[in-house]
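**Q** Okay, here's the structure, questions in a sec.
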Ligand code: TRP
């Protein structure tokens, strides 16, 4: 690999991604892959912490692989692979479990939220989720992890675990840092703009799916909740709906908030919403078509993942070998 910093991130193949996932994660990954050695995983093992229909998980994994590629992840430049294809992830998480405490895990906000939302299935994996995530990151001697606000606590824990292991057994892991991108807008729900846009929202009008066609996108923006004031001004406190639409508009067009406000001054919400819908659709429509095209060729997607896993495995086993040795496991003699 070239002499650049290692940047690792992962997305769970647990459903069709939203515009928020694209603007907050995938789009940035694509931009970052030139400046860093990018390692991008499909966190398929993580999805099992909540109930999955096996056939749907399989399909979602191909969907996400195709989406990564359609968004511009270049498997020649970056490593793109499925977590379950590199068994070192599960193996390292076992070792890390032995230096992580239940109290640390039960404190995690996401564990508490998910326990509330999946009361019938509070399993050990749900609690252990951040340890597997720490293994993902630490296996690659990662320096930077682009994370959204909801994953910051998990990254903090990964850092704590790395430092703890290094203190106990000697320098082994690089301690990763969060990579906070300047341009990441926080994309909110279209129907309840004080909540994050989420693909698991029961109200389909609340989010834009990366699978929505142009008509659907325009229809959803038309229905987006706003206020009765009819002026396009950025004011998250008093005008959360309009401010969210402005953030989205700026994120997809590259315009500044000021430019956007000027463009729509004196115009009504109807014109503005239509413009947002068109701007969003012009960005996601080509991605959707490309992704659907790629999905027709699962052999190709399997090949991409296979090559990615081979590259990832080489790096991962180098770290895992060191870890096994440091903790005192006898190396297996290869005959
Ligand atoms: N937990 C992350 C999410 O749901 C996905 C993830 C798994 C991840 N392993 C990771 C993100 C390692 C960054 C680094 O968003």
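Values quoted throughout were computed directly from the atomic coordinates according to the rules given, and no laboratory measurement underlies them. Bear in mind that the values here come from a model prediction, so they are computed numbers and not experimental data. Heads up, the Cβs are rebuilt from the backbone with ideal geometry, glycines too, and the neighbour counts pull from every protein chain shown.
**Q** I need the semi-axes of the equivalent ellipsoid of the range 149-246: take the C-alpha gyration tensor, multiply each eigenvalue by 5, square-root it, list largest first in whole angstrom.
**A** Whole-Å semi-axes of the equivalent ellipsoid: 40, 16, 11.
**Q** May I pose another question? Please list the equivalent ellipsoid semi-axes of the range 196-256, computed as the square roots of five times the alpha-carbon gyration tensor eigenvalues, in descending order and whole angstrom.
**A** Its equivalent ellipsoid spans semi-axes of 20, 14, 11 Å.
**Q** Using only the alpha carbon atoms of the range 275-335, find the Kirkwood hydrodynamic radius as the inverse mean reciprocal pair distance, in angstroms to one decimal.
**A** 15.7
**Q** Looking at the range 196-315, what % of the alpha carbon pairs are farther apart than 19 Å?
**A** Cα-Cα pairs in the range 196-315 separated by more than 19 Å: 56 percent.
**Q** A further question on this structure: Step by step: find N for the range 248-311, compute 2.2 N^0.38 Å, then divide the Cα radius of gyration by it. What's the final number?
**A** 1.74
**Q** At q = 0.13, 0.15, 0.17 Å⁻¹, what log₁₀ I(q)/I(0) does the range 5-50 have when each alpha carbon counts as one equal point scatterer in the Debye sum?
**A** -0.32, -0.42, -0.53
**Q** Among DSSP bridges having both ends in the chain, what percentage is antiparallel? Round to the nearest 5.
**A** Once the DSSP bridges in the chain are tallied, antiparallel ones form about 10 percent.
**Q** Ranked by Cβ crowding within 10 angstrom, fewest neighbours first, how are 273, 255 ordered?
**A** Going from least to most buried by this count: 255, 273.
**Q** Something else: Work the Kirkwood hydrodynamic radius out for the range 37-86: mean of 1/r over every pair of different alpha-carbon atoms, inverted, in Å.
**A** About 11.5 Å for the range 37-86.
**Q** Quick check: pseudo-label points 7 Å beyond the Cα along Cα→Cβ at residue 123 and residue 156, how many nm apart are they?
**A** Here the modelled spin labels are 2.8 nm apart.
**Q** Could you sort the peptides 311-318, 79-86 by per-residue average Cβ neighbour count (10 Å cutoff), highest mean leading?
**A** Ranked from most to least packed, the peptides come out as 79-86, 311-318.
**Q** What are the principal axis extents of the Cα atoms in the range 77-210, in Å, biggest first?
**A** Computed over the Cα atoms, the extents are 51, 40, 27 Å.
**Q** If you scale each eigenvalue of the Cα gyration tensor by 5 and take the root, what three semi-axes come out for the range 1-122, rounded to whole angstrom and sorted largest first?
**A** After scaling each eigenvalue by five and taking roots: 26, 19, 14 Å.
**Q** A further question follows. So how do 110-120, 65-75 stack up, highest first, on mean other-Cβ count within 10 Å?
**A** 65-75, 110-120
**Q** In addition: Between residue 255 and residue 94, what is 0.36 nm times their sequence separation minus the Cα-Cα distance? Round to one decimal in nm.
**A** Contour length minus Cα-Cα distance gives 53.3 nm.
**Q** Expressed as a whole number of Å, what is the distance separating the alpha-carbon centroids of the range 272-316 and the range 118-156?
**A** Comparing the Cα centres of the range 118-156 and the range 272-316, I get a distance of 24 Å.
**Q** Counting only C-alpha contacts under 8 Å and six or more residues apart, can you give the relative contact order of the range 208-290 as a whole percent?
**A** RCO, the range 208-290: 40 percent.
**Q** Which residue, 78, 306, 281, has the most motion in a Gaussian network model of the chain that connects Cα atoms within less than 10 Å?
**A** Maximum fluctuation in the GNM of the chain, among the listed residues, is at 306.
**Q** What number, in percent, do you get for the relative contact order of the range 81-198 if the mean sequence gap of Cα pairs under 8 Å and at least 6 apart is divided by its residue count?
**A** 24
**Q** Treating only the Cα positions of the range 57-118 as identical point scatterers, give the base-10 log of I(q)/I(0) from the Debye formula at each q in 0.12, 0.22, 0.25 Å⁻¹.
**A** -0.55, -0.97, -0.98
**Q** Could I get the Rg over Rh figure for the chain? Both from C-alpha atoms, Rh via Kirkwood, rounded to two places.
**A** Ratio of gyration radius to Kirkwood radius: 1.00.
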